Amino acid sequence: MPFRKGAPSGPVTVCHDPWHGDAEQGARLVARYFRFDRKDYDLTYGRTPLTAWPVGTWPEAARHWLYGFSWLRDLRALGSDEARLMARKMVGVWVANPPGGEVAEDACTTGMRLASWLSNHAFCLASADHKLQKKLMDRVLVEARTISALLPLKFCGWAELSALRGLLAAALAIPEQTGFMVRFLRYLPSALERILLPDGMVAERSPQAQYELVRELAEISMMFRAAQLRVPPLVETSLEKAVPVLRALCHGDGGLAVFNGSGEGDVRSVERVLAQGSRLKLIASNLTDGKFTRVALGKSLLIVDGGGPPVSGADQTAHAGTCSFEFSHLKDRIFVNCGSALLAPWADALRASAAHNVLIPEDLSSSDFDRRGRVTRRPVHISCHHQTNGEGHWIDLSHDGYHPSLGATWKRHLYLGDNGEDLRGQDVLHSERAVSFVLRFHLHPNVIVTQDDDDVIMHVGEKIWRFRQRGGGLAVEPDVYLARDHVEPTRQIVVYVDPKYTGAASDAEAAEEGVRQDDAAKLSAAPPGVTQTVSWLLERIPE
């Protein structure tokens, strides 16, 4: 392998960090603490704080973030002399006293660290003494060799591109080490083949992961251009596939849809990533591999998750939200999933089916997870079919995630018509026995809701919407939303079905209650059991 000894005293090519940081986080770091996943953590030092790396009882996810040094852009955003000195000190302490352990040596975290050091070099290190700069370059060489030796990596989703981006940053900073570029170009194709589905969706099936993927690809493209090198065609074609998907997974307010570990995100950051990633304004219309259905009608947008949790290795942020949906009108979100978190106990609660707009029988989830966050059980049979005549859209969904415990199959029929102002649904649970279940419709915190007898009235922006249901009891209950920077109280519409009080419909009764004829025929041929049906309607009240 063509690696040569020694490192230069400074980077030959510097590629500047193109993304904006968070000045508030920068101020926290200067004050010796940081915020991660809505919680503050101290940066405590040993007896020799000038030469010791901070120590603390941080969660593993927070440690990965801290060791990745992406927060250098937050100090850069603050821009004060104190911020510059803090950045220089933290980098200097790392290169003088490298901590060990799995997190410090993780290839993805290491790649992020190298890229962050080099892309923020002008801010925190360009005016540092030559001794520190030489130590930095020596460490870049060592850690880039570590990444190179670990390739190919075990499949880990979009984060694999962070490892490769760090290797590319080292290759451009130390071009004499030609082996870095050779390894980058060798393993990039296989990584993208695993990470990127044929339709441009990221393997994690998550809007947040899609955003991270596009950002990594865009930055890799910018790094090649800054070095006046030809961008690999595979990077450009991958961007052309991934950017329209990211646009498709954004609501009218410009933020991300909330599925599989996503939050709304910062709208300005999403816009910057889309602008850097591609100047084309295309929106993916059909995500056959990603298993999302996006329906835009009039001024309304319906996004439906018609797939199961992603494959092993990309399932760390997966949620049990199969067949859930989100609905918005103009820039106003109406029905939303509850959000995501990285740390327990919120992370566990938000991954459950109950935190999504789905049917939940007997407090079960359609998928289960182990302590490390990996999926241990998932639906086996999932279907999603979309039809339209141009004026209306019909989406038929089903999954058997409740079959192991209840012998149950859930079918959901959605209809969007009347220029996007009429959203209807019918949820059919066919099980071995009559069971109690609930339908949850989580509302965005900006929605003002009141219950009026058998209807729920919602004030959304300057519009008024009405929710009705048939087949169960109706209630409006407290809820929480964690898709923005803090925990927000909100409300949810809950439809209760308890066979002890409502009775369970036979297959024939279900057909009479409005099950589509083709589905009624299938039910008649289904194994013996009980069919329970709830119909509901969301419509805009004319002004």
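The values are calculated or read from the model by the stated rules, or taken from the named source; none is laboratory data. In this text, all values refer to a predicted model and were calculated from it rather than measured experimentally. All Cβ positions, even for glycine, are placed from backbone atoms using ideal geometry, and neighbour counts span all protein chains on display. What goes into the accessible areas is simple: the full protein's heavy atoms, side chains included, and nothing from ligands, DNA or RNA. Shrake-Rupley method; radii C 1.70, N 1.55, O 1.52, S 1.80 Å.
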P(r) histogram, all alpha-carbon pairs of the chain included - 20 Å bins from 0, percent:
21, 49, 24, 5, 0
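Per residue, what accessible area does the chain have, given a 1.4 Å probe and all protein chains present, in Å²?
Result: 43 Å² per residue.
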What is the calculated FRET efficiency for residue 253 to residue 477, with r their C-beta to C-beta distance and R₀ = 22 Å, to the nearest 0.05?
0.30
Which residues qualify? For residue 36, with a placed amide H closer than 5 Å and at least 5 residues away or on another chain, they are 41
Length released on extending from residue 24 to residue 285, taking residue separation times 0.36 nm less the Cα-Cα span
90.2 nm
Helix 207-226 versus the longest principal axis of the chain: what angle, 0 to 90°, nearest 10, using Cα atoms?
30 degrees
Zone reached by a paramagnetic label modelled 7 Å from residue 130 Cα along Cα→Cβ, restricted to segment 81-95 with backbone N below 20 Å, covers 92
Given points 7 Å out from each Cα along the Cα-Cβ axis, report the residue 541 to residue 485 separation in nanometres with one decimal.
3.5 nm
Low-density loop positions, GluC sites (Glu not before Pro), segment 239-318 - DSSP coil, at most 11 other Cβ in 10 Å
none
How far is it, in nm, from the label point at residue 60 to the one at residue 466 when both lie 7 Å from their Cα along the line to the Cβ?
5.2 nm
Any idea what angle helix 107-119 forms with the longest principal axis of the chain, computed on alpha-carbon atoms, 0 to 90 degrees, nearest 10?
60 degrees
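On a full-extension model of 0.36 nm per residue, what is the gain between residue 385 and residue 496, subtracting their alpha-carbon distance, rounded to one decimal in nm?
37.3 nm
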Hey, what does the equivalent ellipsoid look like for segment 284-393, semi-axes from the Cα gyration tensor as sqrt of 5 times each eigenvalue, largest first, whole Å?
26, 16, 12
Hull volume per residue for segment 325-449, using the convex hull of the C-alpha atoms, in Å³ is 136 Å³
How much of the accessible area of the chain, probe 1.4 Å, is carbon plus sulfur, in whole percent?
51 percent
Once the piece of chain linking residue 371 and residue 149 is laid out straight, how much longer is it, given 0.36 nm per residue of separation minus the C-alpha distance between them?
77.0 nm
If one takes the longest principal axis of the Cα atoms in the chain, at what angle in degrees, from 0 to 90 and to the nearest 10, does the Cα axis of helix 130-150 lie?
50 degrees
Identify, among 426, 122, 355, the residue whose Cα sits farthest towards the positive end of the charge dipole of the chain, taking +1 on the Cβ of Lys and Arg and -1 on the Cβ of Asp and Glu, with the dipole about the Cα centre.
122
Helix-only estimate, please: 222 nm mean residue ellipticity of the chain, summing -39500 (n - 2.57) across DSSP H runs of length 4 or more and dividing by its residues, to the nearest 500.
-10500 deg cm²/dmol
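Which of the trypsin sites (Lys or Arg not before Pro) found in segment 400-494 are in a DSSP loop and have at most 13 neighbouring Cβ atoms, other than their own, within 10 Å?
433
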